[in-house]
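Chemist: Structure provided below as structure tokens; questions to follow.
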Amino acid sequence: MKLSIFDDLVTEGVLSEDQLLECRDEERDTGQPLDKVLRQKGYVSEQLLLELLARRLRLPFVDNLADVEVPTQFVQRVPAQFARTYNLIAIEETSSGLKVATCDPLDIHPMDDLASMLGGMAEPVVASRAEITSLINRAYQRSSADVDELLEGIEDDEILGLAAEIEESEDVLDIANKAPIIKLMNTILFEALKIRASDIHLQPFADRMQVRYRIDGILYDSKVIPKKVQDALISRVKVMGKMDIAERRLPQDGRTSVKVGDGEVDVRISSVPTSYGERIVFRLLDKSARLYRLNEIGLTVENEGKLLDLIACSHGIVLVTGPTGSGKTTTLYASLAELNSEEKMIITIEDPIEYNLDSISQIQVSNKKGLTFAAGLRSLLRQDPDVMMVGEIRDHETAGIAVQAANTGHLVFSTLHTNDSAGAVTRMIDLGVEPYLVSSSLIAVIAQRLVRVICPRCKEPLEVSDQELQALGFTRDELPHGHLFHGRGCDACLGRGLYDRTAIYEILTINETIRDQIISRTSASVIKQVAVESGHLKTLRMDGAQKVINGETTMEEVFRVTQMDVF
């Protein structure tokens, strides 16, 4: 049966005969199943393989389990460890038993064991491993036994010895036959990736270690790890990040790469000693994250038009400002993607390189080797670029070279840490750039923040008072729907009523009036006031308020990330 099914891959032109023979030889030598060998070599994707198996075995194929509610009897009767080890989860009750999703329909023995546990029929359906693992996590996450089951059978004196296994790129879906600590760490990583977390915090307390996930900029508590396995879990993290396990008194940094099925995620790891043990933070960078275009990042029609005019300029500096994690890099990459063409030479210097762009030369900063932003930017000028992107202007030298580049016919994009758009002007002068050079080179400043979006699955109308509308700067007659919206809270948004994020913008284009103010060293607040009163600038709060009345986000979100406009 197996051989005839996999021969179909050759018949359908997915594989060559030589590739199939090569994989069969490796199957014989290593003892690994042929389907796993095919996926590891990248000859066939899991999706294609499972669709073929489902077709040949005449089984239903389910490509999305996001809306599935797992039958209660499955969670009550089947241990989480069994479900995780064999990647089996019930998706529906039938008259004779349960429909059970599997990603290995050729392995029938676990299905027989499952039928015995359930006391009824287990009808197989085929689904991807990532979908099954995600549903298992959702089904068992409210059970306090979840962490206990992962650590089942582990003795206190064995704990530290179980953390040292390491693979070049750990597959976080593969927890069968792994040591309990490794299963626990892989489960934490996979759960974080599935709920779109950007960071994982392992925070030690006097009696426990708390796992926390940052989702859409907000930290949420998750699993509680027993204190007795804290040191083992930290050792496992250090092994993954190639850090010094013996060093517990000094901060350390590490990095690794983890697989999630066919995808891969870069993980940056930071550890610092605290009074209750070492605190660990992971930053997750998905290599497969897609590049956003200008029409997808929250720009209004007016602001998108302004930005398109700016990137069409032949020379000058465009600065994007905002705190860490406010989406500045995404805006810059969306602008570069719009500019990317055969006629333009685009070079970037970044720390780190977050997205890989085709046909654009990207340089990674390396302070240890002397390749700083300033040194790299100076070298870029000799590379005949049309457009340059500098990750961040941090000092006088980088600012000076950026201004020089803009004044010699180059379009320069960069970021700066200021609270609003007008503040970037005075910040450049504070860095030591002469006001006349700032006024001649700077063409625009874009300030931005990220706000969470109302969950589309549980979005519903919200009645508000006239006073609340007045705080937004609108009257009831100006509401396009007659009311505002909020999220009721559902499983998709973890009960928060908010899911994913969009950006709010403040785009200050430099006109002659502002140039005169820069040369005369006018304060940032005066520049901003004059720009707003002349209708030249809409502030962050104004842009956010427009998104509130359009039903995209909530008042609380806009007030959380913006300051009151005081003029």
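Chemist: For the range 376-494, I need the span (max minus min coordinate) of the C-alpha atoms along each principal axis, in Å, sorted largest to smallest.
Modeler: Projected onto its principal axes, the Cα set of the range 376-494 covers 58, 32, 22 Å.
Chemist: If you don't mind, there's one more thing I want to ask. In nm, to one decimal, how far is the SER465 label point from the GLU512 one, both placed 7 Å along Cα→Cβ?
Modeler: 4.9
Chemist: Taking the solvent-accessible surface of protein heavy atoms with a 1.4 Å probe, what is the per residue accessible area of the range 458-511 in Å²? Before the final figure, lay out each step's value.
Modeler: Working: 2870 Å² over 54 residues.
Ligands and nucleic acids excluded, the result is 53 Å² per residue.
Chemist: Provide the percentage of antiparallel DSSP beta bridges, counting only those with both residues in the chain; round to the nearest 5.
Modeler: Of all bridge pairs located within the chain, approximately 65 percent are antiparallel.
Chemist: A further question on this structure: When the expected Rg is taken as 2.2 N^0.38 Å, what fraction or multiple of it is the alpha-carbon Rg of the range 503-567? Please report the intermediate quantities before stating the final value.
Modeler: Numbers: Rg = 13.5 Å, N = 65, 2.2 N^0.38 = 10.7 Å.
Ratio of Rg to 2.2 N^0.38 Å for the range 503-567: 1.26.
Chemist: Sticking with this one: Given a Förster radius of 25 Å and the C-beta distance between ARG488 and THR72 as r, what FRET efficiency does 1/(1 + (r/R0)^6) yield to the nearest 0.05? Walk me through the intermediate numbers first.
Modeler: Working: r = 23 Å, r/R0 = 0.94.
Plugging the Cβ-Cβ distance into 1/(1 + (r/R0)^6) gives 0.60.
Chemist: Follow-up. Give me the percent of DSSP beta bridges within the range 26-139 that run antiparallel, rounded to the nearest 5. Numbers along the way, then the final one.
Modeler: Numbers: 5 of 12 bridges.
Of those bridges, close to 40 percent are antiparallel.
Chemist: Next question, about the same structure. Give me the accessible area per residue for the range 263-333, probe 1.4 Å, as a whole number in Å². Before the final figure, lay out the partial values.
Modeler: On the way: 3170 Å² over 71 residues.
Normalised by residue count, the accessible surface of the range 263-333 is 45 Å².
Chemist: Further question on the same structure: Just to be sure I understand the model, the point goes 7 Å from the Cα along the line to the Cβ. What's the resulting ASP113 to SER534 distance in nm?
Modeler: Calculated label separation equals 7.5 nm.
Chemist: What is the gain in length, in nm to one decimal, between ARG457 and GLN40 on full extension, counting 0.36 nm per residue of separation less the C-alpha to C-alpha distance?
Modeler: Difference between extended and current length: 146.5 nm.
Chemist: At 7 Å along the Cα-to-beta-carbon direction for both SER523 and PHE474, put a label point, then send me their distance in nm to one decimal.
Modeler: The modelled label-to-label distance comes out at 3.2 nm.
Chemist: Please compute, over every Cα-Cα pair in the range 1-147, the percentage with a separation greater than 23 angstrom. Kindly include the intermediate steps, with their values, before the conclusion.
Modeler: Numbers: 4218 of 10731 pairs.
Across the range 1-147, Cα pairs with separations above 23 Å total 39 percent.
Chemist: Grab every C-alpha pair in the chain, bin the distances at 10 angstrom width from 0 up to the longest one, and report whole percents.
Modeler: In order of increasing distance, the bins hold 3, 14, 21, 22, 20, 13, 5, 1, 0 percent.
Chemist: Right, another one. State the extension gain, in nm to one decimal, for the chain segment bounded by THR30 and LEU250, taking 0.36 nm per residue of separation less the distance between their alpha-carbons.
Modeler: Details: separation 220, 0.36 × 220 = 79.20 nm, distance 4.17 nm.
Difference between extended and current length: 75.0 nm.
Chemist: Now a separate question. Once both axes come from the Cα atoms, what is the angle between helix 540-549 and the longest principal axis of the chain, in degrees from 0 to 90, rounded to 10?
Modeler: Helix 540-549 and the main axis of the chain meet at about 50 degrees.
Chemist: Percent relative contact order of the chain, based on C-alpha pairs within less than 8 angstrom and at least six residues apart?
Modeler: On the way: 979 pairs, mean separation 47.2, N = 567.
The normalised contact order for the chain reaches 8 percent.
Chemist: Taking Cβ-Cβ under 4.7 Å as the only way to count a partner, pick out the unpartnered cysteines of the chain.
Modeler: Here CYS23, CYS103, CYS313 come out as lacking a disulfide-compatible partner, given the Cβ-Cβ threshold of under 4.7 Å.
Chemist: Rank VAL438, VAL526 by accessible area, highest first, at a 1.4 Å probe radius? Spell out each step's value before the answer.
Modeler: Numbers: VAL438 0, VAL526 60 Å².
From most exposed to least exposed: VAL526, VAL438.
Chemist: Output the pairs from LYS306/LYS528; LYS223/LYS459; LYS459/LYS547; LYS242/LYS368; LYS41/LYS259 with a Cα-Cα distance over 22 Å in this structure; if there are none, say none.
Modeler: Details: LYS306/LYS528 17 Å; LYS223/LYS459 28 Å; LYS459/LYS547 15 Å; LYS242/LYS368 19 Å; LYS41/LYS259 14 Å.
Over 22 Å apart, Cα to Cα: LYS223/LYS459.
Chemist: Next up: To the nearest 10 degrees, how steep is helix 328-339 against the longest Cα principal axis of the chain, on a 0 to 90 scale?
Modeler: With both axes taken from Cα atoms, the answer is about 80 degrees.
Chemist: Would you work out what percent of the accessible area of the chain, with all protein chains in place, is carbon or sulfur (probe 1.4 Å)?
Modeler: On the way: 12530 of 26570 Å².
That share works out to 47 percent.
Chemist: Let me ask something else about it. Please compute the contact order of the range 477-567 in relative form: average sequence separation of alpha-carbon pairs under 8 Å and at least six residues apart, divided by the residue count, as a percent.
Modeler: On the way: 73 pairs, mean separation 31.0, N = 91.
Answer for the range 477-567 is 34 percent.
The values are calculated or read from the model by the stated rules, or taken from the named source; none is laboratory data. This one's a predicted model, so the numbers in the text were calculated from it and none came from an experiment. Note that we place each Cβ from the backbone using ideal geometry, even for glycine, and neighbour counts take in every protein chain shown. Areas reflect the complete protein model, heavy atoms only, side chains present, ligands, DNA and RNA absent. Shrake-Rupley method; radii C 1.70, N 1.55, O 1.52, S 1.80 Å.
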